[in-house]
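Peer 1: Provided herewith is a single structure, encoded as structure tokens, for subsequent inquiry.
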Amino acid sequence: MSERNPRRSRRRRRRRSTSVAGRVLTAILAVPALYMLAALAGSLVPVNRGWTEPEAGITVYLADNGIHSDIVMPVRAGGLDWTDVVAPHETRGAPRDAPWVAFGSGEEKVYLETPTWWEIRPATIWAALTGGKRVIHAEWVPSPDYAVRQLRLRPEEYRRLWAAIRADLALDPNGKPVRIDHPGYGCCDAFYRSGGRFSALSTCNTWTADKLRIAGVKTALWPPFTGGLLWRYRPT
């Protein structure tokens, strides 16, 4: 008996160790599964469900690169002018008469240190998942042809959307948006300070949905991915 007891003890320890490892692995695998399930539910559940697209109004567009969404707006519409807030001359070479401007929100490290997805690093991914400073990206574009979805807004809806984006720009003591000292991705874009935090729960796509919600537009309750956000709107 004295020789067999140590063996039994070792077997019990191995079983306990295997059981603990199994529970840890199950928990690790459950997190992304639960996230995806929540994303599906949040993308299907609408807010502002009574909204209908008007026959006439101001058209805005939604752009999509497969991961990130932008809201593309006319520079001047509904008595509002984006050049009074952010200006083309704050970029390297955007034309002063650019007719469209695209706004997106993202995590600071991802935006500023990852001009292409090939340059993403583990530290950048970690910052995006766990939370980092939110910044606003503005790009002056000649046409919204690259966008994938479109929707018409009533003048009051457009004003609410405009004001919601405007309110996300952090201001200096003179009341001007704080431009980040970064060259941008190309000739015609700039980055600006914003409030709040970016995380896996508050993504670039939930930001877009939140602005549409504030405008009064029917949108998804919580769409962390572009697919869950864009499916409700007309293709371009």
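Peer 1: For a test of the definition: using alpha carbon positions, the gyration tensor, and the 1.5 limit on a/c, classify region 138-190 as rounded, prolate or oblate.
Peer 2: In terms of gyration-tensor shape, oblate.
Peer 1: Send over a whole-number figure in Å² for the accessible area per residue of the chain, probe 1.4 Å.
Peer 2: 54 Å²
Peer 1: Could you give the DSSP H helices of the chain that reach 20 angstrom or more along their long axis (alpha carbon positions) and whose average Kyte-Doolittle hydropathy is no lower than -0.5?
Peer 2: Membrane-span-like by this rule: 4-44.
Peer 1: Sticking with this one: Calculate for the chain the 222 nm mean residue ellipticity that helices alone would give, adding -39,500 (n - 2.57) per DSSP H run of length 4 or more and normalising by residue count, nearest 500 deg cm²/dmol.
Peer 2: Here the helix-only value at 222 nm equals -12000 deg cm²/dmol.
Peer 1: What nm value, rounded to one decimal, do you get for the distance between Val148 and Asp97 when each label is placed 7 Å out toward the C-beta?
Peer 2: The modelled label-to-label distance comes out at 3.3 nm.
Peer 1: So, one more: Give, rounded to the nearest 20 debye, the magnitude of the charge dipole that the chain has about its Cα centre when Lys and Arg contribute +1 at Cβ and Asp and Glu contribute -1 at Cβ.
Peer 2: The dipole of the chain has a size of about 2440 debye.
Peer 1: In addition: Once the piece of chain linking Trp126 and Val45 is laid out straight, how much longer is it, given 0.36 nm per residue of separation minus the C-alpha distance between them?
Peer 2: Gain on stretching Trp126 to Val45: 26.3 nm.
Peer 1: Just going by the charge dipole of region 87-206, with Lys and Arg at +1 and Asp and Glu at -1 on Cβ, which of Ala164, Gly106, His182 is farthest out on the positive end?
Peer 2: The Cα lying farthest towards the positive end belongs to Ala164.
Peer 1: Using +1 at the C-beta of Lys and Arg and -1 at the C-beta of Asp and Glu, which of Pro95, Pro46, Pro144 has the Cα lying farthest in the positive direction of the dipole of the chain?
Peer 2: Pro46
Peer 1: Can you work out ³J(HN,Hα) from phi for every residue in region 217-227, in order, using Karplus 6.51 cos²θ - 1.76 cosθ + 1.60 and θ = phi - 60°, giving whole Hz and x for Gly and Pro?
Peer 2: Rounded to whole hertz, the list is 7, 5, 8, 6, 5, 8, x, x, 10, 4, x.
Peer 1: In nanometres, what is the gap between the two model label sites at Val31 and Asp181, each 7 Å from Cα along Cα-to-Cβ?
Peer 2: With each label placed 7 Å out from Cα toward Cβ, I get 3.6 nm.
Peer 1: Continuing with this model, one more query. Heavy atoms of the protein only, probe of 1.4 Å, neighbouring chains included. What is the accessible area of Phe198 in Å², nearest 10?
Peer 2: We get 20 Å² for Phe198.
Peer 1: Quick one: order Lys176, Lys211, Lys133 from most to least accessible surface, probe 1.4 Å.
Peer 2: From most accessible down to least: Lys133, Lys176, Lys211.
Peer 1: What's the center-to-center distance, using Cα atoms, between region 159-187 and region 79-93 in Å?
Peer 2: Using only Cα atoms to place each centre, the spacing works out to 10 Å.
Peer 1: Computed from the coordinates I sent, volume of the Cα convex hull per residue in Å³ equals one of (i) 158; (ii) 134; (iii) 114. Tell me the label.
Peer 2: Entry (i).
Peer 1: Still on this structure: List, in order, the whole-Hz ³J(HN,Hα) value for each residue of region 68-84 obtained from phi through the Karplus relation with A = 6.51, B = -1.76, C = 1.60 and θ = phi - 60°; use x for Gly and Pro.
Peer 2: 3J(HN,Hα) across region 68-84, in whole Hz: 10, 10, 10, 9, 9, 10, x, 4, 10, 6, x, x, 10, 10, 5, 5, 7.
Peer 1: Subtracting the Cα-Cα distance from 0.36 nm times the residue separation, let me have the gained length for Glu53 to Thr236 in nm, one decimal.
Peer 2: 64.4 nm
Peer 1: If you don't mind, another one. Tell me, what is the 1.4 Å probe accessible area of Trp222, in Å² to the nearest 10?
Peer 2: Roughly 50 Å² of Trp222 is accessible to a 1.4 Å probe.
Peer 1: Now for a separate question. Order Glu108, Glu113, most accessible first, counting only protein heavy atoms with a 1.4 angstrom probe.
Peer 2: Sorted descending by solvent-accessible area, the residues read Glu113, Glu108.
Peer 1: Comparing Asn65, Asn205, Asn174, which has the greatest mean-square fluctuation in the GNM of the chain with Cα pairs linked when under 10 Å apart?
Peer 2: Fluctuation is largest for Asn174.
Peer 1: Sticking with this one: Mind telling me which of Trp51, Trp82, Trp207 comes out most flexible in a GNM of the chain, alpha-carbon contacts under 10 Å?
Peer 2: Greatest mean-square fluctuation among the candidates belongs to Trp51.
Peer 1: Among Val85, Val60, Val135, which one moves the most in a GNM of the chain with springs linking Cα atoms closer than 10 Å?
Peer 2: Evaluated over the chain, the most mobile residue of the options is Val85.
Peer 1: Roughly how much of His89 is accessible, in Å² to the nearest 10, using a 1.4 Å probe?
Peer 2: In the full protein context, His89 sits at about 110 Å².
The values are calculated or read from the model by the stated rules, or taken from the named source; none is laboratory data. Quick caveat, the model's predicted, so the values are computed rather than measured. Reconstructed Cβ throughout: ideal geometry from the backbone, glycine too, with neighbour counts over all protein chains shown. Please note that ligands, DNA and RNA were not included when accessible areas were found on the heavy atoms of the full protein model with its side chains. Shrake-Rupley method; radii C 1.70, N 1.55, O 1.52, S 1.80 Å.
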